[in-house]
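Here is the structure we will look at, set down as structure tokens.
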Amino acid sequence: MTAPNAVFLKDYAPPSHRVHHLSLTFELGENETRLHTCFRVTPDAPAGRQAGPLCLHGRGLQLERILVDGSAPPATAMNHDEHGLTLTGLDGPGHTIEVTTVLRPRDNTALQGLYRSGGLFCTQCEPEGFRHMTYFPDRPDVMTRYTTTIIADSRRYPVLLANGNRTGAGTLEDGRHWVTWHDPHPKPSYLFAMVAGDLSVHQDTHVTPSGRRIGLQVYTEPRNAGRTGHAVEALQRAMRWDEEAYGLEYDLDCYMIVAVDDFNMGAMENKGLNIFNAACVLADPRTATDDDLETVEAVVAHEYFHNWTGNRVTLRDWFQLSLKEGLTVFREQQFCAETGSPALTRIRDARNLRALQFPEDSGPMAHPVRPGSYLDVSNFYTATVYDKGAEVIRMLHTRLGDAGFRAGVQLYLRRHDGRAATCEDFRGALEDATGTPLTDMATWYEQAGTPVLRVRGRHDPVRRCYHLLLSQFTPATPGQSRKQPLPIPVRLGLMDPGGQLLPLRMDGEAAPAGCERVITLHAEHQQITFMDIAEPPVPSLLRRFSAPVALDFPYTREQLALLLGSDDDPFVRWDAAQQLTLDAIIQALDHGGTPPLPTTLTQAVERVLAGYRDDPAFVAETLALPSEDYIAEQRACVEVEAIHGAREHLRHAMGSHFAAWWCDIHTDCAGSHAGVPRQRAAALRRLGHLALAYRVAAGAAGVEAALRQYHETDNMTDRLVALALLADADEELARQPLLTFYRRWGDDPLLVDKWLRIQATAQAGDGLHRVQRLMRHPAFDMGNPNRVRSVLGAFSQENPLHFHRVDGAGHAFVAERVMELDALNPLIAARLVLPLTRWDRFDADRAASMSRQLERIGNRPKLSKELHEIVAKGLAA
Ligand code: TRP
Ligand code: ZN
């Protein structure tokens, strides 16, 4: 393999020139698009020094013309290589640069820069897509105002959109028309967007507290008209929330969202013109599932919140990615908690972090929230940067309190408005706004790996006190063998054996201050003592999941049952349930056979079930078993079949033991619940579906019930859950329902994705063979990332039993698809290869098979930079 060059944070150098205004003119053609740009630059060197050469990034471009101050630059003043153009001699007061490039959007399968999706043209510029359109300083710290003109055929492309406000339009004599947009806010190139097509629009308005009326527009291809109502309402809620929670108003006259079918990620926050993966914005009231509605709301809010955290204040360089993503995910989490259920939102945040980020942090891709180097920045849109980044922000929020945090964010936005910032700038603003030193938090940005928080308790009956010994340890990660202690906020309480939280008075304090407090562990070890504790208590630790760490406390089953039954912290209750079921699964794993359910577990579950109507969604989260991946994380070596078998055993045992409960709950909770508020109905259904899953696990009667639900329901969530359970349980039985589903809904790509995913993740039958067949199905399309994720992504990430077949056929199959994809869409190829990099976690045969496939990919000539980076790191482990 040839090694591409790495980029280092420590090498950051400010831009050599400022750009003053950029104008872009797109002449869109069916096969060729001409892009004319014109911009003025002035040197930006410290006084007395000459400006360096001007670097214009550009990749794979056909350059038709370049003019500097109206004439072609001499060959001696221009250097051209595969990264772009370097111009020298641009000192003096200012220069005008004009560039014309010729683009072929139809051939752009990587979906970065200008590309076609269905009948429309659209762009994706984050992180480095702009350089696939023209030569320009494509770096986030170069900001300027944009004017964009789009010229296209009026019939095929009646709607022409770009960032900002529409300032002009007209028709040409040849059947084309043009529209000009001007964005008054300076922005980096990654926030540029342009869309052209025959689009339907759903319009609404939002009035800000200062009385400005904002036009809201959601654009879709005409066949998707009528599926945008939920997104518009979510947008209005998000706008209102940001006004109330942070005092932030929207800053343009219109806010546009466009849905596209082919998209590498979820959505993109381009200034005033968001582009969304159709799956994250469309929701047909008849066909959207409960999860779809939640996803759409969360993603719409996330992109909207970027308007301040990301756009108004942007990034100095891509190492600071978490400055916008971590903060925006945190704001999204706050919004979801405050407009939905705080308890459930937090449980899902924690579950998500453990399921996706913890494994990343313990594998060959482990990197800090702010990485120190990368080969390709698009590989750093990770769970660590987004979700661990959000947890780091949450710890700052915990330390400063809500009012202090809000004041800090406001100072940050005021101080850096219209400019590019760093993670230190953010921390500095929080410090200055609150007078609280926060420098110790830097380690959370710089150090990779999940810290283990070890807690041990000792009760002293004579002195009636309780000692807690807290310690921390972070395992080594690639390139970081020695770790520093981190400041870990541990929110805790102490529960007496009767289930009451005790008033907390620490050694040296005169009076107790509440039943909950946050102790921040700074050093490697720390002991704390609580007074007036008559009997040995049960500590309630890491309440509300106060830090992104793995907790190690030797709870007994009885203690876990007490926390589950009596604690008032939903995260601690949920986690106690997870540990109780995990413990039962591990018993089965370690001792083999089919051990009976421990009585402590069944009694605790019984208590949870008794209250199911009060909080059905919480009960559903609590009684869902840990995933096979999460169980695997707890083991020294991933025993694929044994883990599957042990979990199946527990599913069956829980299904049979509580058969009567599951039957009642399923009948009571599944269904459409006409007249019940949407969130309540969804919560009931979630529990109803867990009950159905346990019925299926218990045996044939459950499978019958799933079949009945499939046929009889009028609710899409019910129908899809039933279909998934059938496909998972019995390939033969599922055949007919799968056929009828496709016949009925096969023209809706969002439902086709779900149909593909159900089959790709099913345990029954020969999973690999099924996936191979799906790839030959007319609905499959290797060029569409959603299809690829539904089949190949789902198979390799969510079907361990078949993907990790011991003969290695699953590994070889995915490796071949990765190589095919690399030529089409390197970003998607680089994501798909990730599961193969975890070879070190498996037994010798599987490890050999996985690393052999990685080597095979690595040995291919002409590997993309994206894929190369992941494969090389995967092999180095
Ligand atoms: N900034 C986008 C977000 O809201 C992420 C994103 C969208 C992205 N499209 C992309 C990242 C393409 C890399 C490549 O999180
Ligand atoms: Zn984002």
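The values are calculated or read from the model by the stated rules, or taken from the named source; none is laboratory data. Remember, it's a predicted structure, so these values are computed and weren't measured experimentally. Reconstructed Cβ throughout: ideal geometry from the backbone, glycine too, with neighbour counts over all protein chains shown.
If we scan the range 161-172, do we find a residue that is among the hydroxyl-bearing types (Ser, Thr, Tyr), assigned to a strand (DSSP E or B) and assigned by TED's automatic domain parsing to the domain that holds Arg106?
Scanning the range 161-172 turns up at least one residue that is among the hydroxyl-bearing types (Ser, Thr, Tyr), assigned to a strand (DSSP E or B) and assigned by TED's automatic domain parsing to the domain that holds Arg106.
Which one of these is closer than 21 Å to Leu739 by Cα, touching a Leu at 6+ places or on another chain (Cβ under 6 Å) and at pLDDT 95 or above: Val771, Val818, Val791?
Residue meeting the stated conditions: Val791.
Do you know which of the residues in the range 231-250 that are away from ligand 1 (no atom under 16 Å from the Cβ) and of a type in the set (Asp, Glu) is surrounded by the fewest Cβ atoms within 10 Å (Cβ to Cβ)?
Glu244
Could you tell me whether any residue of the range 445-452 is more than 23 Å from Phe553 (Cβ to Cβ), in a helix (DSSP H, G or I) and touching a Lys or Arg at 6+ places or on another chain (Cβ under 9 Å)?
Yes, there is a match, as at least one residue in the range 445-452 is more than 23 Å from Phe553 (Cβ to Cβ), in a helix (DSSP H, G or I) and touching a Lys or Arg at 6+ places or on another chain (Cβ under 9 Å).
Search the range 527-558 for residues being crowded, with 16+ Cβ neighbours inside 10 Å and among the polar types (S, T, N, Q), and hand back the single one that is nearest to Glu360 (Cα to Cα).
Here the answer is Ser546.
Being among the β-branched types (Val, Ile, Thr), away from ligand 1 (no atom under 16 Å from the Cβ) and touching a helix residue (DSSP H, G or I) at 6+ places or on another chain (Cβ under 6 Å): is that true of Val218 here?
yes
Only one of these is at pLDDT below 95 and either of a type outside the set (Phe, Trp, Tyr) or surrounded by fewer than 16 Cβ atoms within 10 Å (Cβ to Cβ) (or both): Ala848, Ala872, Ala876, Ala844. Name it.
After ruling out the rest, the residue left standing is Ala876.
Kindly list, by first and then second residue, each pair from a residue in the range 250-269 that is outside any loop (DSSP other than H, G, I, E, B) to a residue that is of a type in the set (Phe, Trp, Tyr) and away from ligand 1 (no atom under 14 Å from the Cβ), limited to pairs with Cβ atoms under 8 Å and residues at least 6 apart or on different chains.
Partner pairs satisfying both residue conditions: Met256/Tyr219; Ile257/Tyr219; Val258/Tyr219; Ala259/Tyr219.
In the range 190-217, what residues are more than 14 Å from Ala152 (Cβ to Cβ), touching a Cys at 6+ places or on another chain (Cβ under 6 Å) and either among the hydrophobic types (A, V, I, L, M, F, W, C) or in a helix (DSSP H, G or I) (or both)?
Selection gives Tyr190, Phe192.
The rows are residues; the columns are (1) over 30 Å from Leu400 (Cβ atoms); (2) assigned to a helix (DSSP H, G or I).
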{"site": "Gly508", "(1), (2)": "no, no"}
{"site": "Asp568", "(1), (2)": "no, no"}
{"site": "Asp575", "(1), (2)": "no, yes"}
{"site": "Asp590", "(1), (2)": "yes, yes"}
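Considering only residues that are within 13 Å of ligand 1 (Cβ to nearest atom) and small (Gly, Ala, Ser), look in the range 251-278 and name the one that is farthest from Thr205 (Cα to Cα).
Gly266
Which of the residues spanning the range 43-76 are outside any loop (DSSP other than H, G, I, E, B), surrounded by fewer than 18 Cβ atoms within 10 Å (Cβ to Cβ) and either modelled with pLDDT of 95 or more or not hydrophobic (A, V, I, L, M, F, W, C) (or both)?
Selection gives Gln62, Leu63, Glu64, Arg65, Leu67, Ser71, Thr76.
Look at Thr101 and say whether it is in a strand (DSSP E or B), touching a Phe, Trp or Tyr at 6+ places or on another chain (Cβ under 8 Å), loosely packed, with under 14 Cβ neighbours inside 10 Å and in the same structural domain as Leu28 (by TED's automatic domain parsing).
No; evaluated as a whole, the condition is false for this residue.
Would the range 539-554 turn up any residue that is touching a strand residue (DSSP E or B) at 6+ places or on another chain (Cβ under 9 Å), among the β-branched types (Val, Ile, Thr) and closer than 29 Å to Pro461 by Cα?
no
Are there any pairs, at least 6 apart or on different chains, whose C-beta atoms fall under 7 Å, with the first in the range 801-820 and touching a residue at least 60 places away in the same chain (Cβ under 8 Å) and under 23 Å from Glu866 (Cβ atoms) and the second among the small types (Gly, Ala, Ser) and surrounded by 17 or more Cβ atoms within 10 Å (Cβ to Cβ), and if so, which?
If the second residue must be among the small types (Gly, Ala, Ser) and surrounded by 17 or more Cβ atoms within 10 Å (Cβ to Cβ), no pairs are left.
Under 22 Å from Tyr386 (Cβ atoms), more than 16 Å from ligand 1 (Cβ to nearest atom) and at pLDDT 95 or above - does that describe any residue in the range 283-291?
Residues of the range 283-291 that are under 22 Å from Tyr386 (Cβ atoms), as a first pass: 291.
Okay, now just the ones that are also more than 16 Å from ligand 1 (Cβ to nearest atom), so 291.
So of that shortlist, the ones also at pLDDT 95 or above come out as 291.
Yes, that holds for at least one residue.
Looking only at the range 334-356, count every residue that is within 15 Å of ligand 1 (Cβ to nearest atom) and touching a residue at least 60 places away in the same chain (Cβ under 8 Å) and tell me the total.
1
Within the range 300-318, is even one residue more than 11 Å from ligand 2 (Cβ to nearest atom), more than 17 Å from Arg415 (Cα to Cα) and under 15 Å from the mean Cα position of the chain (by Cα)?
yes
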